[in-house]
Amino acid sequence: MNKEQLVSMLRKTGHKVTPQRLAICKEVLSSQEHPTAEMIFERVAKQYPGLSMTTVYHTLNLLKKLELVHELGFNSKPSRFDPNTSTHINIICQKCGKISDYQSEAIQDYWNRIVLEMKLEPVGQRLDIYVVCEDCRN
Ligand SMILES: [Zn+2]
Ligand SMILES: [Zn+2]
């Protein structure tokens, strides 16, 4: 999604488009590392020193509602935000928290098969594999 599409989507859904809000959207939507709200705040605050954490949470909730990001919640760690909303596997390091995506057509096909076979009407999905990544093993 480019900037124009995002702006028009926000406007269409009745939301004010502020430069801060746009910067937050850009940061999370272009990120592949599944950032926390805190990480997004730190990065965007460099550009907009007056930024508040509330604005970050507001905007992330908005993107969630628009189905543009998924929130990956964890028991004892802060949530991570994932702009990849298609069916994929998150490979999550239990030590350093690094998350990378694994995506293949086979996963999507199998997913569709399960939905069909079980007559499901999914309202969401999340596939995780927990690992200790190569960096952490060395
Ligand atoms: Zn992911
Ligand atoms: Zn690691």
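In the chain, what percent of the accessible surface is made up of carbon and sulfur (1.4 Å probe, ligands and nucleic acids excluded)? It would help to have the intermediate numbers written out before the result.
Values: 4770 of 9170 Å².
The computed percentage sits at 52.
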Could you check the simple spin-label distance between Leu116 and Cys96, using points 7 Å along Cα→Cβ, in nm with one decimal? 4.1
Relative to the first principal axis of the alpha-carbon coordinates of the chain, what is the inclination of helix 53-65, with its axis defined by its Cα atoms, in degrees from 0 to 90 and to the nearest 10? 50
Rounded to whole Å², per residue accessible area for the range 6-91 with a 1.4 Å probe reads 54
How big is D, in µm² s⁻¹, for the chain by Stokes-Einstein at 37 °C and 0.692 mPa s if Rh is the Kirkwood radius over C-alpha pairs? 198
Contact order normalised by length for the chain, with contacts defined as Cα pairs under 8 Å and 6 or more residues apart; what percent is it? 19
Expressed as a whole number of Å, what is the distance separating the alpha-carbon centroids of the range 2-63 and the range 75-129? 23
List the trypsin sites (Lys or Arg not before Pro) within the range 39-138 that fall in a DSSP loop (any state other than H, G, I, E or B) and whose Cβ has at most 13 other Cβ atoms within 10 Å. Lys95, Lys119, Arg126
Relative to the longest principal axis of the C-alpha atoms of the chain, give the angle of the C-alpha long axis of helix 105-117, reported between 0 and 90° and rounded to the nearest 10°. 70
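The values are calculated or read from the model by the stated rules, or taken from the named source; none is laboratory data. Keep in mind it's a predicted model, so treat the numbers as computed, not measured. No Cβ is skipped: glycine too gets one built from the backbone with ideal geometry, and neighbour counts run over all protein chains shown. These area figures cover heavy atoms from the full protein model, side chains too; ligands, DNA and RNA do not enter into them. Shrake-Rupley method; radii C 1.70, N 1.55, O 1.52, S 1.80 Å.
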